[in-house]
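Everything on this sheet refers to the single structure shown next.
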Amino acid sequence: MGSVYVSGVSPAIPACRVPAVRPALYVLAAVSALVLTGCRVHLLDDGTYDFTTTEVLRDDCGVAGTLTLLDRGTLTTTGNLVKFAFTSDKPDLQGAYKSAPWMSSDAEQLIMDGVIANYRVNLRGKDCLLDSLSLHLQGQALDATRFEGTASLTFESQTFPECNCKYWYAFTAARAP
């Protein structure tokens, strides 16, 4: 690597030499920063998505067709991290994109979770104040504007055990016009 001498200082003094910085080092540093942060391009476009229930898999709660926790949300992707923001009384889901070995090379899976504390809901005709409502979503991108998957909701109350139940369903989500 070449050296640059500080003006007014004798080149015979080695302590005064400053190594020259090459532009290639800047490029290498920038590329390394992108790789280390997990920056990737993903199939799904960011934006607002509408959810449709396609099949109820389990409904201990009696909420099928009446609960609209996942109806519309806004997808935001940062590297491998993914976030769905819903309205204020619903949980924001946060998670990551994952590639699974059993999927084709271009299929992407996203996994997200969220929790709401002190959530009031009607379950099987009973007004329930829950300690927590946990939501887990797994999906697979179909194309840039659609994905499908399953969602599971776990309703938990220590005060009212009759309010403890699970609701699982399959869904499709499509980019809103």
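A few notes on this one:
- Stretch gain in nm, segment R72-F160, where the contour uses 0.36 nm per residue and the Cα spacing is subtracted: 28.7 nm
- What the Cα atoms of region 109-171 give is an Rg and a Dmax of 14.0, 44 Å.
Quick note: the coordinates plus some simple rules give every number you see, no bench work behind them. What you are looking at is a predicted structure, and each value in this text was computed from that prediction instead of being measured.
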